[in-house]
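J.: Next up is a structure, given as structure tokens.
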Amino acid sequence: MNAIWKVEKIPILQDNFIFVLHSQDQAWIVDPGDAPPVLDFLEKEGLKCAGILVTHHHHDHADGIDEIVKAHACPVYAPTQNKGQIPKVTNYLNEGDALKFLDLEIQVLELPGHTMGHIAFWIPTKKWLFSGDVVFALGCGRLFEGTFEQMFKTLQRIKDLPPETLIFCTHDYFPANSEFCVSQNIQIQDYDSIHPLLLSQEKEFNPFLKAPTLEEFTANRKARNSF
């Protein structure tokens, strides 16, 4: 019998989200930037952490790992390119790797741009994408390490996923991103700022996914940096 899956969104810090993917009494934690809210949720729901998934090395995605591992002795999965930058990693991941969680297969996508080693977790049977800091509501991640070309190619990969894909992104930048769209004369009156994000809607309204060329994407990203 197929497991019943749920995703819990836990807000932390100013605008971050941690995601808890769980079924039965097992849970996987995605990008735990803080431990206490996660541990409280696991205890309340009677869940055991089976593993931690990390998209990249920034502190607001990894600071909670130590405390969660101490409490649950679980494996930690992170990008190979971030060796030495993320605590307690037991398994390093590359493009094409896959993890099995009960009846789910979680596939690893390498999506550089925000950072060089950034990965995402794609569940094709659910059409769920845990995208870290690659794409947001009406926006995309800043370029801390990668190039404009890398981020543009990354966004093209996301655009090629099924239109009904649900995107679980790890920040809420909607207010500022919507203001930027207005400043660029992008009509967003019909945009629904739900979470998780629906890929078909982002392709229609998100200026970074809409950009048809590297040059247009680069211009949009530079303009957003100063907004």
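The values are calculated or read from the model by the stated rules, or taken from the named source; none is laboratory data. Keep in mind that what you see is a predicted model, and the values were worked out from it rather than measured. Because the Cβ atoms are built from the backbone with ideal geometry, glycine has one as well, and the counts that use them run over all protein chains shown. The area values use the complete protein model at the heavy-atom level, side chains included, leaving out ligands, DNA and RNA. Shrake-Rupley method; radii C 1.70, N 1.55, O 1.52, S 1.80 Å.
J.: Over the Cα atoms, compute the radius of gyration (one decimal) and Dmax (the largest Cα-Cα distance, rounded to a whole number) for segment 152-227, in Å.
T.: 12.0, 32
J.: Now a separate question. Can you list the lysines whose alpha carbon is less than 22 Å from that of Lys153, not counting same-chain residues fewer than 8 positions off?
T.: Lys127, Lys203, Lys210, Lys222
J.: OK, next. Once you have the Kirkwood Rh of segment 1-128 from its Cα pairs, apply Stokes-Einstein at 37 °C and 0.692 mPa s and quote D in µm²/s.
T.: 224 µm²/s
J.: On average, how much accessible surface per residue is there in segment 47-141, in Å², for a 1.4 Å probe, leaving out ligands, DNA and RNA?
T.: Working: 3310 Å² over 95 residues.
For segment 47-141, the solvent-accessible area averages 35 Å² per residue.
J.: Note the angle between two axes, namely the Cα long axis of helix 214-225 and the longest principal axis of the Cα atoms of the chain, as a number of degrees from 0 to 90, rounded to the nearest 10.
T.: The angle comes out at about 80 degrees.
J.: Sorted by mean Cβ packing within 10 Å, highest first, what order do the peptides 38-47, 110-119 take?
T.: Descending mean neighbour count gives 110-119, 38-47.
J.: Would you calculate a helix-derived [θ] at 222 nm for the chain, using -39,500 (n - 2.57) for each DSSP H run of n ≥ 4 and dividing by the full residue count, to the nearest 500?
T.: -8000 deg cm²/dmol
J.: Let me ask something else about it. Please report, in cubic angstrom per residue, the volume enclosed by the convex hull of the alpha-carbon atoms of the chain.
T.: Enclosed volume per residue, from the Cα hull, is 117 Å³.
J.: Based on Cβ point charges of +1 for Lys and Arg and -1 for Asp and Glu, what charge dipole magnitude is obtained for the chain about its Cα centre, in debye rounded to the nearest 20?
T.: Here the chain has a charge dipole of around 320 debye.
J.: In Å², and per residue, what accessible area does segment 162-227 have when probed at 1.4 Å with the other protein chains present?
T.: In whole numbers, segment 162-227 has 50 Å² accessible per residue.
J.: Here's a follow-up. Could the peptides 183-194, 158-169 be put in order, highest first, of the mean number of other beta-carbon atoms found within 10 Å of their residues? Before the final figure, lay out each step's value.
T.: On the way: 183-194: 11.3, 158-169: 17.2.
Result, highest mean first: 158-169, 183-194.
J.: What lysines could a cross-link reach from Lys70, if we take a straight Cα to Cα line under 27 Å and drop same-chain neighbours fewer than 8 places away?
T.: Partners found: Lys6, Lys9, Lys44, Lys48, Lys83, Lys88, Lys100.
J.: Per-residue counts of other Cβ atoms within 10 Å, averaged by peptide: what ranking do you get for 75-84, 125-134, 88-97, highest first?
T.: 125-134, 75-84, 88-97
J.: Hey, another quick one. Expressed as a whole number of Å, what is the distance separating the alpha-carbon centroids of segment 165-203 and segment 94-116?
T.: Going from one Cα centre to the other spans 24 Å.
J.: Based on alpha-carbon atoms only, what is the radius of gyration of segment 100-177 relative to the globular estimate 2.2 N^0.38 Å?
T.: Relative to the rule-of-thumb radius for its length, segment 100-177 sits at 1.09.
J.: What Kirkwood Rh does segment 1-43 have if only Cα atoms enter the pairwise 1/r average? Answer in Å.
T.: Result for segment 1-43, one decimal place: 10.9 Å.
J.: At a 1.4 Å probe radius, carbon and sulfur cover how many percent of the accessible area of segment 69-217?
T.: For segment 69-217, the apolar C and S fraction of the accessible surface comes to 50 percent.
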